[in-house]
Amino acid sequence: MKPPAFDYHDPATLDEVLALLAEAGDEAAIIAGGQSLVPLMNLRLARPEVVIDPRRVGDLRSVESDATGMSIGAMVTAATLERASGTVPGTAAALAHLAHPQIRNRTTVGGSIAHADPAAELPALLAATDGTVTVASAGRGTRVVDAADFLQGPFWTAREPDEMVTSVRFGRFDGEITVAELAPRPGDFATVGVVVGLRVDNGQVGAARIVAFGVGGTPVRMSEVEASLVGSAADAAGFAAAGDAVRAGLDPTGDAHASADYRRHVAGTLVTRALLELAGVAR
């Protein structure tokens, strides 16, 4: 199936992109890697009258890392980020689950965050690392939005029609982060997934991060479970209890792929296993 007719623009500067967005408003769509937008257009689920391609805007391809985190231009591809030095904990683990190498050569970081698929890895990592999203418009300039405020629902964000995501910043967690998920096939979107971070100090949990994804409209940060882990023994019993607490704290949705109870059970199991792996207890 082919998409409906549309006007295509490939401006060379960010100012031109924003001017086009200001003019077209709700009738415009930004195409980054096109991995999500093109199928939606082909199925007539998205019918933009104007498609804006910022591939020639060099300012959107920077990768900068410092002691507090990593800022990534919206048009940086997943494959480029894989090769970048100084990435924050969890980046490699998240990208390893993101589709396949051919797809990662096209998929952009900004596109993944802006698309806000509730089963995607990068939005979950953004939530786990207290990340932020920078958006810009021609009329209001630039604003920075916390991950929790930006990701508002399935495929729904705080971005206004005349705004573009220009960069994404992942925070740096003082510990290790892993990503675990259950998917129908390698590279598919997760049926259930978790982002888990852990720092162990002298046998006790010094810091923890837990986010579940694929269980609702947005990634779910399990802040109470994180707080309960801090100061406790970094052992199998404590991690099993954390898994139970995750199950008790989640209210997932059910669909044709998995029931709510199944998602709840798997999320808790994945958290326990991830904590064991990070603590070195598993082996």
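Sort out for me the Cα centre separation of the stretch 240-283 from the stretch 62-83, rounded to whole Å.
Cα centroid to Cα centroid, the span is 29 Å.
For the stretch 24-172, what is the per residue volume of the convex hull drawn over the alpha-carbon atoms, in cubic angstrom?
Roughly 110 Å³ of hull volume per residue.
Could you tell me the calculated FRET efficiency between F155 and N105, based on Cβ-Cβ distance and R0 = 25 angstrom, to the nearest 0.05?
0.60
Out of the total accessible area of the stretch 112-262 (probe 1.4 Å, heavy atoms of protein only), what percent is carbon and sulfur?
The nonpolar share, carbon plus sulfur, comes to 50 percent.
Using 1/(1 + (r/R0)^6) with R0 = 41 angstrom and r between the beta carbons of A22 and A248, what's the FRET efficiency to the nearest 0.05?
With a Förster radius of 41 Å, E is 0.30.
With every protein chain kept in place and ligands, DNA and RNA left out, what is the accessible area per residue of the stretch 218-274? Probe 1.4 Å, answer in Å². Mind showing how you got there, number by number?
Details: 2790 Å² over 57 residues.
So the stretch 218-274 comes to 49 Å² accessible per residue, rounded to a whole number.
Just add up the charged neighbours of T191: K/R +1, D/E -1, any other residue whose Cβ is under 14 Å from the Cβ of T191.
-3
List the relative contact order of the chain as a percent without decimals, with contacts defined as Cα pairs under 8 Å and 6+ residues apart.
Reported relative contact order: 15 percent.
In a shell of Cβ-Cβ distance under 13 Å around D26, excluding D26 itself, what net charge do Lys and Arg (+1) and Asp and Glu (-1) give?
The answer is -4.
Leaving ligands, DNA and RNA out of it, rank F6, F213, F189 by accessible area with a 1.4 Å probe, largest first.
F189, F6, F213
Can you check what the net charge comes to around F213, using other residues whose Cβ is under 15 Å from the Cβ of F213 (Lys, Arg +1; Asp, Glu -1)?
-2
Under the rule of at least 5 residues apart or a separate chain, name every residue whose amide H is placed under 5 Å from the amide H of A183.
Placed amide hydrogens put T191 under 5 Å from A183.
I need the P(r) histogram for the stretch 176-283: all alpha carbon pairs, bin width 10 Å from 0 out to the longest distance, whole percents.
Once binned at 10 Å, the Cα pair distances of the stretch 176-283 give 16, 51, 26, 7, 0.
How big is the C-alpha Rg of the chain next to the rule-of-thumb value 2.2 N^0.38 Å, as a ratio?
With N residues counted in the chain, Rg over 2.2 N^0.38 Å equals 1.02.
Full-extension gain between A227 and V38, please, as 0.36 nm times their residue separation minus the C-alpha to C-alpha distance. Can you show the working numbers first?
Values: separation 189, 0.36 × 189 = 68.04 nm, distance 4.16 nm.
Between A227 and V38, full extension yields an extra 63.9 nm.
Please compute the contact order of the stretch 162-283 in relative form: average sequence separation of alpha-carbon pairs under 8 Å and at least six residues apart, divided by the residue count, as a percent.
With pairs under 8 Å counted, the relative contact order is 23 percent.
Per residue and in cubic angstrom, what volume does the convex hull of the Cα atoms of the stretch 145-203 have?
Given the Cα convex hull of the stretch 145-203, per-residue volume reads 145 Å³.
The values are calculated or read from the model by the stated rules, or taken from the named source; none is laboratory data. This is a predicted model, so every value here is computed, not measured. FYI the Cβ positions are ideal-geometry reconstructions off the backbone, even for glycines, and counts take in every protein chain you see. To get the accessible areas, we keep the full protein, side chains included, count just its heavy atoms, and leave off ligands, DNA and RNA. Shrake-Rupley method; radii C 1.70, N 1.55, O 1.52, S 1.80 Å.
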